[in-house]
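These notes are about the structure you will find just below.
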Amino acid sequence: MQNRTDNKLKSVAKKLEELIPEGNAQIVYDKLREIMRSQKEYFETYSALSVLKLTLYIYSFKKTKNFDLADSIMNKLFFASLFATENNPHKETCDDCDGGGTYNCDDCDGTGNVTCNNCDGDGTETCETCDGNGTAECGTCGGSGEDEEGETCDNCSGEGTEPCDDCGGEGKTSCYYCSGDGEVSCNNCSSYGTLDCENCDGIGEIETDKIEYDIYELCSWDNNLYNILESKLDKDEPAISDENLTKFNKSFIILNTVEEYDEFNIELEEDMYYCFGVNKIDEIDLDTDIKLMHLSRNKFYIQLNDYIGNYIA
Ligand SMILES: [Zn+2]
Ligand SMILES: [Zn+2]
Ligand SMILES: [Zn+2]
Ligand SMILES: [Zn+2]
Ligand SMILES: [Zn+2]
């Protein structure tokens, strides 16, 4: 990344100025990043400092038709890293069910049905009427094989038996418990085939002790804001309320925001900003502490190098 000379940046600022709407420095920065996206190859070689200066030159030129305002801002410039939270616990995917909230029933392998115990899956049971023989006493001759005249019984041809009515002579009937299917509903899962994951109560996620929060990296040229943030740097109490920070919005630029989650070692107040980094421009290493980043979608942003570690459990 090379630092453009100030004169070079000023001439670029004059060219871009008309593409950028009126407003505070934040609007200039955000619009400039859109332009950078559309001319990726050209701006990729810019340093973070050059992008910042270009922002301020455009802002200055739009307001006053010269660059003095930008130069005075650069002299007072400081960077700050803040974070704020709504204290929402971070949720993680449940390992036990891979986030599905349920798992397959072991008893039925997820089918909802198990083999019928009564018939061992066969679907039939021994006929109770004939005890499995398939035959019953002949109803005509009462089993004697002869009719009243002593002749051979027509019905059973003298055998004395006839096929069992209940099983049609098969000796087996359809299983009473499974109606012949060989399977019955699984009791373990009420035939759903799945059971709610006990680890996550079927939700698929588990609340952790980690809290979701947002990091705001900004630069500002307001000495009052610097003093407020500097006095609360890395303190257990918030540095500034949401409402009060907004009052400074003509003199800061939010360079980027990041969503994070971590376990904190203090109770965090909501709608408040905590400060974990504040450095005047001459206190930072312009090559390593401030970087121009771009995401895969070519979204450019400036990133600072402060570490939130003091607050993290
Ligand atoms: Zn059965
Ligand atoms: Zn029978
Ligand atoms: Zn008979
Ligand atoms: Zn089951
Ligand atoms: Zn689960």
Criterion: touching a helix residue (DSSP H, G or I) at 6+ places or on another chain (Cβ under 6 Å) and surrounded by 16 or more Cβ atoms within 10 Å (Cβ to Cβ) - qualifying residue of Leu69, Leu82: Leu69
Filter result for Gly143 (away from ligand 1 (no atom under 16 Å from the Cβ) and modelled with pLDDT under 90): yes
For Ala80: the one exception among (1) over 30 Å from Glu230 (Cα atoms); (2) of a type outside the set (Phe, Trp, Tyr); (3) touching a Gly at 6+ places or on another chain (Cβ under 9 Å): (1)
Any hit, the range 251-270, residues being touching a residue at least 60 places away in the same chain (Cβ under 8 Å) and β-branched (Val, Ile, Thr): yes
Of residues in the range 97-124 being β-branched (Val, Ile, Thr) and farther than 30 Å from Ile203 by Cα, the one farthest from ligand 3 (Cβ to nearest atom): Thr115
Unique match (being assigned to a helix (DSSP H, G or I) and in contact with a Leu (Cβ under 8 Å, 6 or more places away or on another chain)) among Leu286, Leu229, Leu255: Leu229
Qualifying position, being touching a strand residue (DSSP E or B) at 6+ places or on another chain (Cβ under 7 Å), within 30 Å of Ile284 (Cβ to Cβ) and not small (Gly, Ala, Ser), among Leu69, Leu77: Leu77
The range 236-253, residues that are within 31 Å of the chain's Cα centre (by Cα) and either within 18 Å of Glu269 (Cβ to Cβ) or basic (Lys, Arg) (or both): Asp236, Glu237, Pro238, Ala239, Ile240, Ser241, Asp242, Glu243, Leu245, Thr246
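The values are calculated or read from the model by the stated rules, or taken from the named source; none is laboratory data. These numbers come from a predicted model, not from an experiment. Glycine also receives a Cβ, built like all others from the backbone with ideal geometry; neighbour counts cover every protein chain displayed.
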